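Contents: one structure, followed by commentary.
The values are calculated or read from the model by the stated rules, or taken from the named source; none is laboratory data. The model shown is predicted, which means the values in this text are computed figures rather than measured ones. Ideal geometry is used to build each Cβ from the backbone, glycine not excepted, and the neighbour counts take in all protein chains shown.
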Amino acid sequence: MEELSYALNAVLPTLLLLLLGWALRRRGLFPDSFIAPADRICMRLLFPVLLFRSMYQGGGALGPYLRGIAFAYGVIALSACVGVLVVPRFIRDRRRIAVVIQSLYRGNYTLYGIPFSELLGGSQALGVASAIVAATVPALNFAAATMYSYYAGTERKSFWQIMGDVFKNPLVWSIFLGLGCRLIRLPLPAAVSSVMGNLAAMASPLAFMLLGAKLRLGGLGRDLPLLCFTVAWKLLAMPAIFLPAAIGLFHMRGTDLIPILLFLAAPSAITTSQLATMYGADDRLAGDIVAVSTLMSTGTLCAIVTLLRALGIL
């Protein structure tokens with residue numbers, strides 16, 4: 001019972017924020033004219049500030065950071081390769097291939113990994129999660145842009161164009177700047193530190209409410225078998241396959257394991273839908289996968305955390 005209470009205390013606030021965002025949109029308090037600018041504020045200001053503070057205030061040994069990054073890259077490489085080899089054999093519509101491959105392994109890690117790591121594991125877990133974000137964002141974005149361009153894109157981008165897009169990401173720069181300021185021990189004025197703390201505290205609640213406001217659940221029966229398979233793979237099969245490797249081969253436990261758990265079990269990334277629209281892929285399927293996996297993840301995360309706590313691993 002204690003394990004279930006621990007998991008519910010972590011997951012229920014997120015579910016309530018999602019529902020609050022959905023309700024506010026239904027009431028007209030979160031109109032589309034507000035959601036898009038607020039989303040940009042989150043991704044270009046609030047989350048960069050949160051990640052900067054995480055790296056600036058971080059401490060401890062580098063071992064968990066390096067193990068976490070190495071493991072995450074292994075998951076990305078293996079999943080992408082298997083997806084490219086297997087998915088086109090079963091899906092003939094090229095506009096759907098990249099959507100499904102991306103949805104099978106790429107999670108909404110910035111939005112879920114950062115706040116949940118801090119909630120479940122404190123500053124050390126948050127530091128590991130931030131390092132994983134910094135290390136994997138370039139690879140994830142490059143793989144996504146390449147797949148969408150190859151399978152559905154009308155405009156093929158060069159390697160340097162894709163890397164240029166990646167390194168325009170403020171999340172990447174905020175983490176590098178935070179780490180750099182920490183290494184040179186650059187002091188921050190008290191007023192600046194206070195303002196940054198207030199901005200960082202706004203990031204997760206606002207982002208989850210906006211995510212709830214963007215949920216669209218109409219017409220899901222159109223692709224129900226494919227939708228169910230993709231969501232079940234992302235939320236259940238990925239943790240079932242890779243968590244034993246993290247525990248047995250990489251010897252991760254407790255705080256070290258929390259960011260990896262979230263890397264594997266977070267719902268499909270919102271960028272899957274955004275990129276599908278940009279490249280002319282099946283953006284409706286992508287949006288359905290994001291919406292359903294986001295709602296279902298509250299239950300699956302709760303179940304996985306409860307199980308790992310009961311086994312004494314978390």
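Of the conditions (1) closer than 30 Å to I35 by Cβ; (2) modelled with pLDDT of 90 or more, A237 fails just one. Which one is it?
Going through (1) closer than 30 Å to I35 by Cβ; (2) modelled with pLDDT of 90 or more one by one, A237 breaks only (1).
With the structure loaded, tell me whether R92 is assigned to a loop (DSSP other than H, G, I, E, B), surrounded by fewer than 22 Cβ atoms within 10 Å (Cβ to Cβ) and of a type outside the set (G, A, S) or whether it fails that test.
Values: assigned to a loop (DSSP other than H, G, I, E, B): yes; surrounded by fewer than 22 Cβ atoms within 10 Å (Cβ to Cβ): yes; of a type outside the set (G, A, S): yes.
Here the answer is yes, as R92 does meet what is asked.
Being under 17 Å from the mean Cα position of the chain (by Cα), modelled with pLDDT under 85 and not aliphatic (A, V, I, L, M) is the filter here, so list the residues in region 256-287 that pass it.
T271, T272, S273, Q274, G287
If I go through region 12-40 residue by residue, how many of them are over 22 Å from P267 (Cα atoms), among the aromatic types (F, W, Y) and part of a helix (DSSP H, G or I)?
So the count comes out to 1.
In region 185-195, is there at least one residue being within 16 Å of A38 (Cβ to Cβ), at pLDDT 85 or above and not small (G, A, S)?
Of the residues in region 185-195, the ones within 16 Å of A38 (Cβ to Cβ) are none.
So far as region 185-195 goes, no, none of its residues is within 16 Å of A38 (Cβ to Cβ), at pLDDT 85 or above and not small (G, A, S).
Please find, among V290, V231, the residue that is at pLDDT 90 or above, touching a Ser or Thr at 6+ places or on another chain (Cβ under 7 Å) and part of a helix (DSSP H, G or I). Quick ask: steps written out before the conclusion?
Values: V290 fails: at pLDDT 90 or above.
Of the residues listed, the single one that is at pLDDT 90 or above, touching a Ser or Thr at 6+ places or on another chain (Cβ under 7 Å) and part of a helix (DSSP H, G or I) is V231.
Quickly run through region 246-263 and pick out the residues that are more than 16 Å from T298 (Cβ to Cβ), touching a residue at least 12 places away in the same chain (Cβ under 8 Å) and in a helix (DSSP H, G or I).
If the condition is that a residue be more than 16 Å from T298 (Cβ to Cβ), touching a residue at least 12 places away in the same chain (Cβ under 8 Å) and in a helix (DSSP H, G or I), then A246, I247, G254, T255, D256, L257, I258, P259, I260, F263 are the ones that fit.
Determine if region 105-115 includes at least one residue that is among the charged types (D, E, K, R), under 21 Å from A291 (Cβ atoms) and under 19 Å from the mean Cα position of the chain (by Cα). Spell out how you get there, then give the answer.
Narrowing region 105-115 to residues among the charged types (D, E, K, R): 106.
Of the ones still in play, those that are also under 21 Å from A291 (Cβ atoms) are 106.
The next check asks that each one be under 19 Å from the mean Cα position of the chain (by Cα); those that pass are 106.
There is at least one residue in region 105-115 that is among the charged types (D, E, K, R), under 21 Å from A291 (Cβ atoms) and under 19 Å from the mean Cα position of the chain (by Cα).
Looking at region 266-287 only, could you name the residues that are more than 30 Å from V305 (Cβ to Cβ) and in a helix (DSSP H, G or I)? Full working, then the answer.
Applying the first criterion (more than 30 Å from V305 (Cβ to Cβ)) to region 266-287 yields 276-284.
Of everything in region 266-287, those that are more than 30 Å from V305 (Cβ to Cβ) and in a helix (DSSP H, G or I) turn out to be A276, T277, M278, Y279, D283, R284.
Only one of these is modelled with pLDDT of 85 or more and surrounded by 14 or more Cβ atoms within 10 Å (Cβ to Cβ): L50, L19. Name it. Walk me through how you get there before you give the answer.
On the way: L50 fails: modelled with pLDDT of 85 or more.
None of the other options fit; the residue is L19.
Of the conditions (1) surrounded by fewer than 21 Cβ atoms within 10 Å (Cβ to Cβ); (2) under 19 Å from L119 (Cβ atoms), I260 clears all except one; give me its number.
(1)
Being assigned to a loop (DSSP other than H, G, I, E, B) and either in contact with a Pro (Cβ under 6 Å, 6 or more places away or on another chain) or free of Cβ contacts under 8 Å to residues at least 12 places away in the same chain (or both), is that true of even one residue in region 54-61? Steps first, please.
Filtering region 54-61 down to residues assigned to a loop (DSSP other than H, G, I, E, B) leaves 58-61.
Those left that are additionally either in contact with a Pro (Cβ under 6 Å, 6 or more places away or on another chain) or free of Cβ contacts under 8 Å to residues at least 12 places away in the same chain (or both): 61.
Yes, the conditions are met somewhere in region 54-61.
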